[in-house]
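Novice: Please find one structure pasted underneath; my questions will follow.
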Amino acid sequence: MKFDVCIDIDAIDFINSQTDKRRRIIEKHLKALEEDPYPGSRCNKELLNLRPGVKIYRLHIARMFTAFYEIEERTVYVNEVLTIGQAHKKYKGL
């Protein structure tokens with residue numbers, strides 16, 4: 001059973017600002033979320049414990065980028081894609 005992947009417009013803008021090679025790498029990893037967005041299988045995915053009732057997932061992409069996403073039923077909502085440095089600065093300690 002596949003998941004639908006919806007990407008926020010700001011994340012799309014970030015992806016489109018990358019070189020062709022980096023864009024292909026990001027898109028490949030985000031496309032893999034269609035098959036299985038949950039931690040514990042292929043890729044570097046993790047559930048972040050932000051606060052009760054909120055499930056935000058983090059996906060490390062090629063040691064260069066981090067994507068943050070949520071899962072609702074059969075849809076994955078990619079909220080942000082950042083460089084590793086931007087992600088560390090914005091979400092210290094996660």
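Novice: Mind checking the range 16-94 for trypsin sites (Lys or Arg not before Pro) that DSSP puts in a loop (not H, G, I, E or B) and that have at most 16 other Cβ atoms within 10 Å?
Specialist: Within the range 16-94, the qualifying trypsin sites (Lys or Arg not before Pro) (loop, at most 16 other Cβ atoms within 10 Å) are Arg42, Arg63, Arg74, Lys92.
Novice: Explain nothing, just the number: dipole magnitude of the chain about its Cα centre with +1 on each Lys and Arg Cβ and -1 on each Asp and Glu Cβ, in debye rounded to the nearest 20. Spell out each step's value before the answer.
Specialist: Working: 17 positive and 14 negative charges, 106 e Å.
The dipole of the chain has a size of about 520 debye.
Novice: Tell me the per residue accessible area of the range 1-57 using a 1.4 Å probe; a whole number in Å² is fine. It would help to have the intermediate numbers written out before the result.
Specialist: Numbers: 4120 Å² over 57 residues.
That works out to 72 Å² per residue.
Novice: Follow-up. Pop a pseudo-label 7 angstrom from the Cα along the beta-carbon direction at both Glu72 and Met1 and give the gap in nm to one decimal.
Specialist: The modelled label-to-label distance comes out at 1.8 nm.
Novice: Test of understanding: in a Gaussian network model of the chain with alpha carbons linked when under 10 Å, which of Tyr69, Tyr38, Tyr57 would top the mean-square fluctuation ranking?
Specialist: In the Gaussian network model the winner is Tyr38.
Novice: May I ask you to compute the full-extension gain from Asn44 to His88, defined as 0.36 nm times their residue separation minus their alpha-carbon distance, rounded to one decimal in nm? Can you show the working numbers first?
Specialist: Values: separation 44, 0.36 × 44 = 15.84 nm, distance 1.58 nm.
Working it through step by step, the gained length comes to 14.3 nm.
Novice: On a 1.4 Å probe surface of the protein chains, which of Leu59, Leu82 comes out largest in accessible area, and what is the full order?
Specialist: Working: Leu59 0, Leu82 25 Å².
Output order, biggest surface exposure first: Leu82, Leu59.
Novice: OK, next. Hand me the tally of lysine pairs in the chain: alpha carbons under 22 angstrom apart, and the pair either on different chains or 8 or more positions apart.
Specialist: 16
The values are calculated or read from the model by the stated rules, or taken from the named source; none is laboratory data. Keep in mind that this is a model prediction, so the values were computed, not measured. Glycine gets a Cβ as well: all are built from the backbone with ideal geometry, and neighbour counts include every protein chain shown. Remember, those area values only see protein heavy atoms, side chains included, never the ligands or the DNA or RNA. Shrake-Rupley method; radii C 1.70, N 1.55, O 1.52, S 1.80 Å.
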